[in-house]
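Here's the structure, in structure tokens; my notes come after.
The values are calculated or read from the model by the stated rules, or taken from the named source; none is laboratory data. None of the values given here were measured: they were computed from a predicted structure. Every residue, glycine as well, gets a Cβ built from its backbone with ideal geometry; the counts of neighbours run over all protein chains shown. For accessibility, only protein heavy atoms count, side chains too; no ligands or nucleic acids. Shrake-Rupley method; radii C 1.70, N 1.55, O 1.52, S 1.80 Å.
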Amino acid sequence: MVLPENRGFQNKRERSIMDGTVPRARWGVYVGLLLITLATLTYQMLLTRIFSVTMWYHFSFLAISVTMFGMTVGAILVYLRPAWFEAAVADQRMGLAALAFSVLIVVSFLTHLSIPFIVRPSLVHIWAVAVQYVVLSLPFVASGIAVTVALTRFPGQIGRLYAVDLIGAGLGCLVVALALSWIDAPTLVIDVSALASAGAVFALVGTPARGLRRLSLAATLVLVALSVASNVMAIRQTPLIRPVWVKGHLQPTPLYEKWNAFSHVGVWDYTKKPFGWGLSARCPAEEEAEQKILRIDSSAATVMTRLEGDPAELNYLRYDVTNLAHFVRPRGRVLIVGAGGGRDLLSSLHFGQREIVGVEINGAILDTVNRRFGDFTGHLDRFPNVRLVHDEARSYIARTKEEFDIIQVSLIDTWAATAAGAFVLTENSLYTVEAWQRMLGRLSDRGLITFSRWHSEAAPGELYRLAALAAESLKRTGVKQPEKHLVVVHRSRDETATAAGVATLLASRNPLSDADVEAVRKVCQEMDFHLLLAPGFVSDPILKRLCSAEDTYQVARSYPIDISPPSDDNPFFFNMLRLRDMFDLELLGTAGLRANMMAVSVLGVLLITVTVLTGLCIVVPLWLTTKREWLAGSLPYFVYFAGIGLGFMLVEITLMQRLNVFLGHPIYGMTVVLFCLLVSCGCGSWLSGVLVSDVRRGFSAPACLALLLAAVLTAGFAGMPLLSSLDWLPTPGRIAVACAILLPLGLTMGMGFPLGMRAAGLGAANLGAWLFGINGAMSICGSVLAIVLSLSFGIRAAFFLGAGCYIGAWFAFLWVQSTLRGREDSSPAATPRPKLSVLKKAA
């Protein structure tokens, strides 16, 4: 009997399975694999949350890169040492690797917390980054060994095992988003370690390795007990494990801290003096306000103020430049984006605003301010004219039918943007033209948008970019002369107008009246603020050009750094370096660009580190252990697997970036993208075996890859542009839209790898590990390359480069088919036998 080739196995191997010569996986292997992959993806997602505290948000891609690097190295180790991983002892080796995975999670995590992550242009700090990368990848090496053994040593059950692998990984994507509401991140790391050791226990069930099984069970029980103790201590605000080194600095012990899927929130005491980045130097010295600092991910800061009486008594709030709009639009309806610690709410109450709506995406902040410290803050949520909304601000603004006299956005993401490069590489959904158009559409006839940013004469980039953003947004709503709709006021930290401080921009949908301008002038005179731009007045010629030019982008291009208006396709407001600027070391000493240069330097160092480590740990070992004759005719296979590896990662990372903007937070973007792609890619992998019976001939295999190209191009040309028009949907609705884009895409993308491996099994059977390594290496490097390309050319450009990689892979597959057919036609078995009449005539 000839077994059908579309089952995905070589016939010889299938016959050996039927003869009983190939071992079958027991039920414990299935359960163990489920727990190991669940722990792997949970730990990867958890690292993205922890990195935002110990490093920064934009290192979420590093967690992906570390995971893929470690697991690929683990797979290569299985290939290089086949004697260690023979089929007869596969379940024992799987259990040993799972136990090592469990131990290394705890060891690498504690090591990571012990090493300050400092980014400076020196060999020592570059070495520290490389050490961090290697240490963090070690658990994933062990996980890669366990998963590779399970998927390669039981070929008769590969379909079911692969399904279990994907189910565990998919569940892991959801665990962090759900569990962090109840468990702090360090305790969850211990829980993940317990899952891995439990996976070892199940993998070892029924094996002769009783001692190893008992050791794994003991480790699981110890870790569970440790987790319970850690969680109790965290609830009592005395956590067993707490990040000490954060963003290169030693962090003092907080009064209170809380983890959730969005952030780590910590509260510290502050002084009696009023805290405010925009306070005028004329604020009376006798003013006092007991305050506490609330930090998000140990960087972005907001203030909680003790309130025991009437907010009108907090006179120091009148001296804050961020409150300029309240002088111009009293007794109005106010929308505050990012309620935070309640300072902007207090300001609105102090000025007697009629109705106040505060939107805050982070439930932990709302809980901290209004419940945990509610007696301290005066329970601002209980004021009759105050309404707090737990939602993503852009979606709420797009969805609400209310109109507002003031929409206030004061220094949102500021500290996160300037703390040694944080947020420079992160998407921001509020600082784009599309978001501003939504806000302008929710203003009343007399309404104002007020944005506040850092500004100094030496570092004007943020203010210039904000002004360009406001001017371009007004022009897209039909305004012909944006300069008549804008006011910019600066508060410096001393008496000079050139000193560093905070600038506030006011933008109106209708031209500002003479009374409005006079009110602003009066406030500036009383508070010693510096008027930079107003209708009929300008003290900064660049601001004037940006706000009055017909082509804002042309003016922005003439400026030394990138101050062009960001869009949803290029939402990196805080990154002001063009590609050519990344190599200009003189910018390291430029005020206001140091954060940009440091962030880009980190990215460059990581790209080099990832490339070198990938070469040393994957490509070089394969090259040294492969016979040279095996490489003959391998070029089309290499091109194909490199194309699908790089293409997949470019598409995945760029979708994650775009959905971060659409869904409002990186945790949503990463969770939805990984979950949808994992599940749908698994289904696509199975579907490829059903649809394609012969990878050598016919059009079924190229047709499947053509469907992949069609899905990618449809997502790029139709799906991604559609997102901006659907930002009014509530969070569940936006997640549903994201899933509708991702699931068909993943279904077709999942076909590429199994089709290639089946073709390689026929024409390059000895190069399986090579092709797996090439695919993994390109994916690892692509995770960092996608960030570089998105920053320089936009998200869609990087996405379509990924589509181009898939197009190249499609042509490479046609090349592979051609070589397979040529080899089959030239083989002796393929030579046609002569007819009997011909033989007789010859005789």
* Asked: For Ile667, are the conditions met, namely being open to solvent by less than 60 Å² (accessible area, probe 1.4 Å), part of a helix (DSSP H, G or I), touching a Phe, Trp or Tyr at 6+ places or on another chain (Cβ under 7 Å) and of a type outside the set (S, T, N, Q)?
  -> yes
* List the helices (runs of 4 or more DSSP H) that sit entirely inside region 459-553 and contain at least 2 residues that are among the small types (Gly, Ala, Ser) and open to solvent by less than 30 Å² (accessible area, probe 1.4 Å). => 461-476
* Six or more apart or on different chains, Cβ under 9 Å: which pairs go from a residue in region 547-575 that's charged (D, E, K, R) to one that's part of a loop (DSSP other than H, G, I, E, B) and open to solvent by 20 Å² or more (accessible area, probe 1.4 Å)? Could you list them? => Arg557/Ser564; Asp562/Arg578; Asp568/Glu427
* Asked: Could we say that Phe327 is more than 24 Å from Gln525 (Cα to Cα), of a type in the set (Phe, Trp, Tyr) and open to solvent by 40 Å² or more (accessible area, probe 1.4 Å) here?
  -> no
* Structure fact -> When restricted to Leu430, Leu380, the only residue of a type outside the set (Lys, Arg) and either closer than 27 Å to Ala534 by Cα or at pLDDT below 90 (or both) is Leu430
* Collect the residues in region 240-253 that are over 27 Å from the mean Cα position of the chain (by Cα) and crowded, with 16+ Cβ neighbours inside 10 Å, keeping them in residue-number order. => Leu240
* Enumeration of residues in region 445-461 that are closer than 17 Å to Val337 by Cβ and either basic (Lys, Arg) or out of contact with any helix residue (DSSP H, G or I) (no Cβ under 7 Å at 6 or more places or on another chain) (or both) -> Gly447, Arg453
* Being closer than 30 Å to Tyr79 by Cβ and more than 24 Å from the chain's Cα centre (by Cα), is that true of even one residue in region 735-751? -> yes
* To do: Run down Ile36, Ile105 and say which single residue is within 18 Å of Ala219 (Cβ to Cβ) and in contact with a Gly (Cβ under 8 Å, 6 or more places away or on another chain).
  => Ile36
* Can you pull out the residues in region 100-112 that are open to solvent by less than 20 Å² (accessible area, probe 1.4 Å) and either more than 18 Å from Val189 (Cα to Cα) or aliphatic (A, V, I, L, M) (or both)? -> Ile105
* Structure fact -> Here the qualifying pairs (Cβ atoms under 6 Å; residues six or more apart or on different chains; first in region 63-88 and buried (at least 24 other Cβ atoms within 10 Å of the Cβ); second of a type in the set (Asp, Glu) and not in a helix (DSSP H, G or I)) come out as none
* Six or more apart or on different chains, Cβ under 8 Å: which pairs go from a residue in region 316-344 that's in contact (Cβ under 8 Å) with a residue 60 or more places away in the chain and hydroxyl-bearing (Ser, Thr, Tyr) to one that's part of a helix (DSSP H, G or I) and open to solvent by 10 Å² or more (accessible area, probe 1.4 Å)? Could you list them? => Tyr319/Met527; Thr322/Asp344
* To do: Output the number of residues of region 695-743 satisfying the condition of being open to solvent by 10 Å² or more (accessible area, probe 1.4 Å), aliphatic (A, V, I, L, M) and outside any helix (DSSP H, G or I).
  => 1
* To do: Can you give me the number of residues within region 805-818 that are over 32 Å from the mean Cα position of the chain (by Cα) and open to solvent by 50 Å² or more (accessible area, probe 1.4 Å)?
  => 3
* Asked: Does region 678-690 include one or more residues that are touching a Cys at 6+ places or on another chain (Cβ under 8 Å) and either in contact (Cβ under 8 Å) with a residue 12 or more places away in the chain or within 22 Å of Tyr43 (Cα to Cα) (or both)?
  -> yes
* Structure fact -> Within region 371-416, residues being part of a helix (DSSP H, G or I) and within 27 Å of Asp297 (Cα to Cα) number 16
* Hey, Asp445 hits all of (1) closer than 30 Å to Ser395 by Cα; (2) part of a helix (DSSP H, G or I); (3) acidic (Asp, Glu) but one; which does it fall short on? -> (2)
* Structure fact -> The condition from (1) modelled with pLDDT of 90 or more; (2) surrounded by fewer than 24 Cβ atoms within 10 Å (Cβ to Cβ); (3) small (Gly, Ala, Ser) that Ala420 misses is numbered (1)
* To do: State which residue is nearest to Ala642 (Cα to Cα) when the search covers only region 744-796 and only residues that are open to solvent by 10 Å² or more (accessible area, probe 1.4 Å) and among the β-branched types (Val, Ile, Thr).
  => Ile774
* To do: Please work out if Ser227 is part of a helix (DSSP H, G or I) and touching a residue at least 60 places away in the same chain (Cβ under 8 Å).
  => no
* Yes/no for His390 being within 20 Å of Glu290 (Cα to Cα) and open to solvent by 20 Å² or more (accessible area, probe 1.4 Å) -> no
* Which condition breaks for Gly682 when tested against (1) under 14 Å from Pro754 (Cβ atoms); (2) crowded, with 24+ Cβ neighbours inside 10 Å? -> (2)
* Asked: Quick one: would you say Ala200 is buried (at least 24 other Cβ atoms within 10 Å of the Cβ) and in a helix (DSSP H, G or I)?
  -> yes
* To do: Name the residue, out of Val103, Val147, that is out of contact with any helix residue (DSSP H, G or I) (no Cβ under 6 Å at 6 or more places or on another chain) and at pLDDT 95 or above.
  => Val103
* To do: Return only the number of the condition from (1) at pLDDT 85 or above; (2) more than 32 Å from the chain's Cα centre (by Cα) that Pro4 does not satisfy.
  => (1)
